[in-house]
Ligand SMILES: C[S@@+](CC[C@H](N)C(=O)[O-])C[C@H]1O[C@@H](n2cnc3c(N)ncnc32)[C@H](O)[C@@H]1O
């Protein structure tokens, strides 16, 4: 069941999502919004979007805002997406040095496929017991639950190179049939935290050698892109790399990074 939404209702919810997450929904996304929220209205016993707006903005239901954001974010991702970036990563990993931790941040991690892809590459180069760690963050809580479990449908593994699949993934048996689990020896290097990149003066989450910020800037307008990238730069080590998605660019967004090649930038 999908409730009709009028222009005023759509504009209010759209602006709420923009204020929180920085995500811009065009008029063409009306169907997407109603498609994703209508079940929630039914579950709450509400009969229109005016009622839902009141509900979600009522301080008595503060947790509903997170629920709404979880439903309205687009979380598409897969292992080894845009594989050139992982080839690039292999090239910039320095040889392991005593006492030096190599740190990578997947800053819009979704269900974790990007973070675990990075983990496979680092484990291969630096060793399963090597000095490396990965942080995955996302605004959506529901995707992070899956990311922490590290369990996926087998069908999602088709882009994982067979050698990595064999080395780093466990095939589910019996009731886990049809799934794969990322091996604990990789999972122990990876942690996930909820983090909204669209806030003024975001807390510093660490110092990273490489930050992946892929396929999220496409949802943002220019001021939001500028704010988000400015939030990330203090977390990038001097000489560290920031990588964006193949349809994204930091042209006109920051002067603090210099382009290395399309979609790859370096902090000087
Ligand atoms: C399309 S997925 C990209 C996943 C992965 N980086 C990739 O390239 O495959 C975009 C992710 O960005 C997250 N996102 C959207 N707005 C965000 C914000 N303001 N702060 C943090 N994450 C956000 C969404 O929840 C979603 O999981």
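Read-outs: derived from the displayed coordinates by stated rules, not from any lab. Owing to the predicted nature of the structure, the values given are computational and were not obtained by experimental measurement.
Observations
- Crossing angle, helix 63-72 versus the chain [Cα axis fit, 0-90 degrees, rounded to tens]: 70 degrees
- Bridge type composition, the chain - antiparallel percent by DSSP, nearest 5: 45 percent
- Considering only 106, 140, 191, the mean-square fluctuation computed in a Gaussian network model of the chain, springs between alpha carbons under 10 angstrom, is largest for 191.
- Rounded if a/c under 1.5, otherwise prolate or oblate - the stretch 135-268, Cα gyration tensor axes: prolate
- Counting only DSSP beta bridges with both residues in the stretch 114-259, the antiparallel share comes to about 40 percent.
- Rounded Å value of the spacing that divides the Cα centres of the stretch 85-126 and the stretch 127-142: 9 Å
- Cα gyration tensor category, rounded, prolate or oblate, for the chain with a/c compared to 1.5: oblate
- Antiparallel bridge percentage (DSSP; both residues within the stretch 120-191; nearest 5): 75 percent
- Between helix 113-126 and the chain: long-axis angle, C-alpha atoms, 0 to 90°, nearest 10: 10 degrees
- Mean-position separation - Cα centroids, the stretch 19-33 and the stretch 196-221, in angstrom: 19 Å
- Folded to 0 to 90 degrees: helix 30-44 orientation relative to the chain principal axis, Cα: 70 degrees
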